[in-house]
Amino acid sequence: MSKLSISIVLYHDDKNNIKKTINSVLDSNIDLTLYLIDNSSNDNLKSLSELDKRIVYIYNDNNMGYGSAHNIAIKTSIHNNSIYHLVLNPDVTFKSNILEELSDYMDKNKDVGNIMPNVQYLDGRQQYLCKLLPGPIQLIIRRFIFIKSIKDYINHKYELKFFKYNKIANIPSLSGCFMFTRLSALKKVGLFDENFFMYLEDVDLNRRIYEKYKTIFYPHQIIYHGYKKASGGINKEFIAHIKSTVYYFNKWGWIIDDKRKKINNKTIKTLKNMI
């Protein structure tokens with residue numbers, strides 16, 4: 001049994017880039033197991049498992065989707081009685097002490113189901129990955145409206161920019177690039193919904209965790225995320241995004257979603273009181 005299990009989903013990633021993420025993980029002192037879940041059409045990345053005995057490589061031989069692939073590792077981790085599980089993107093790097101600090105925070109705060117540190121671009125710019133629960137209007141404007149003043153107005157509130165990202169806060173929607181979760185919480189609320197192929201599966205899961213636990217933004221540690229927007233233009237990623245959006249709102253409600261309204265209003269009020 002490892003205290004922390006970690007899963008990274010691969011899809012024809014550059015080996016040199018993924019090694020940077022793997023090294024960030026392996027430089028930690030916490031007892032861990034790292035699962036590399038490969039959705040590629042070949043197993044050319046299998047050699048990454050030779051980097052360390054703590055790495056477990058699983059080849060799927062098909063692109064089953066982001067959440068479904070992570071679920072393989074999460075189910076294995078639950079079976080092996082791990083305490084925490086980190087869902088990690090293959091383009092994230094961080095300093096060696098972060099996993100230990102987050103683990104300690106979770107040990108001391110049993111009501112926390114998910115925690116995410118501050119996320120920055122590689123050049124040090126802030127990524128605004130703390131969000132309200134989305135409504136269809138926000139997602140439509142963010143995706144299809146190109147007037148900067150309108151998008152900035154929507155994003156200032158939706159991305160909670162007014163609270164400056166400088167305090168610990170309970171946030172209903174945190175990014176899936178780094179989800180440090182409590183496995184006992186996932187056993188209660190469920191794993192990733194595999195009806196999402198890609199996009200919004202993290203919003204859905206964090207919302208379910210938030211309803212029973214705290215989902216914490218932790219600004220005292222920084223990770224670096226080489227984020228690239230992949231769903232621009234009419235392509236497979238765009239179609240996947242649309243399908244996920246329709247599924248998400250069919251599941252939670254389009255215009256009428258009383259829980260979303262209540263949660264978002266509470267979040268805004270709480271954060272403004274913290275300023």
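Each reported figure results from applying straightforward, stated rules to the coordinates on display, with no laboratory input. As the structure is a computational prediction, the values presented were derived from the model and not from experiment. As a convention, Cβ positions derive from the backbone with ideal geometry for all residues, glycine included, and neighbour counts pool all protein chains shown.
Some observations on this one:
- Since only Leu122, Ser96, Ile154 are under comparison, the one whose Cα sits farthest along the positive direction of the charge dipole of the chain, derived from C-beta charges on Lys, Arg, Asp and Glu, is Ile154.
- Beta bridges by DSSP in the range 4-274, antiparallel share as percent, to the nearest 5: 40
- Computing Rg and Dmax of the Cα atoms in Å for the structure here picks out one of [x] 20.4, 71; [y] 18.0, 52; [z] 22.7, 72, namely [y].
- Residues listed by number, the range 155-186, amide nitrogen under 12 Å from Asn109 label point at 7 Å toward C-beta: 167-171
- In this Cβ point-charge picture (+1 for Lys and Arg, -1 for Asp and Glu), the range 165-275 has a dipole of about 480 debye about its Cα centre.
- One decimal place: the segment Arg54-Asp31 gains 7.4 nm when fully extended, by the rule 0.36 nm per residue minus the C-alpha distance.
- Kirkwood Rh and Cα Rg combined as Rg/Rh, the range 1-120: 0.95
- If you take the Cα centroid of the range 56-102 and the Cα centroid of the range 141-165, the two points sit 31 Å apart.
- Taking every DSSP helix (H) stretch of at least 4 residues in the chain, weighting each as -39,500 (n - 2.57) and dividing the sum by the residue count yields a mean residue ellipticity at 222 nm of -12000 deg cm²/dmol.
- Normalised by 2.2 N^0.38 Å, with N the number of residues, the alpha-carbon radius of gyration of the range 1-71 equals 1.05.
- Ranking Ser24, Gln138, Ser244 by Cα position along the charge dipole of the range 4-274, where only Lys, Arg, Asp and Glu carry charges on their C-beta atoms, puts Gln138 farthest toward the positive end.
- Square roots of 5 times each gyration tensor eigenvalue, C-alpha, the range 90-207, largest first, Å: 26, 19, 14
- Computed FRET value (nearest 0.05) for Ile242 with Ile147, which takes r as the C-beta separation and R₀ as 22 Å: 0.55
- Ordering of 182-194, 260-272 by packing [mean C-beta count within 10 Å, highest first]: 182-194, 260-272
- Virtual paramagnetic centre 7 Å along Cα→Cβ of Lys164, amide N under 14 Å, in the range 102-118: none
- Nearest 10 degrees, 0 to 90: helix 15-26 Cα axis against the chain principal axis: 90
- Theoretical gain in end-to-end length, Lys212 to Asn44 [0.36 nm per residue, Cα-Cα removed]: 56.4 nm
- Estimated distance in nm for a label pair at Lys20 and Asn250, the labels positioned 7 Å out from Cα along Cα-to-Cβ: 3.9
- Net length available on complete extension from Lys262 to Ile78 is 63.0 nm, with 0.36 nm assigned per residue and the Cα-Cα distance removed.
- The charge dipole of the chain, taken about its Cα centre with unit charges on the Cβ of Lys, Arg, Asp and Glu (plus for the first two, minus for the last two), comes to roughly 1320 debye.
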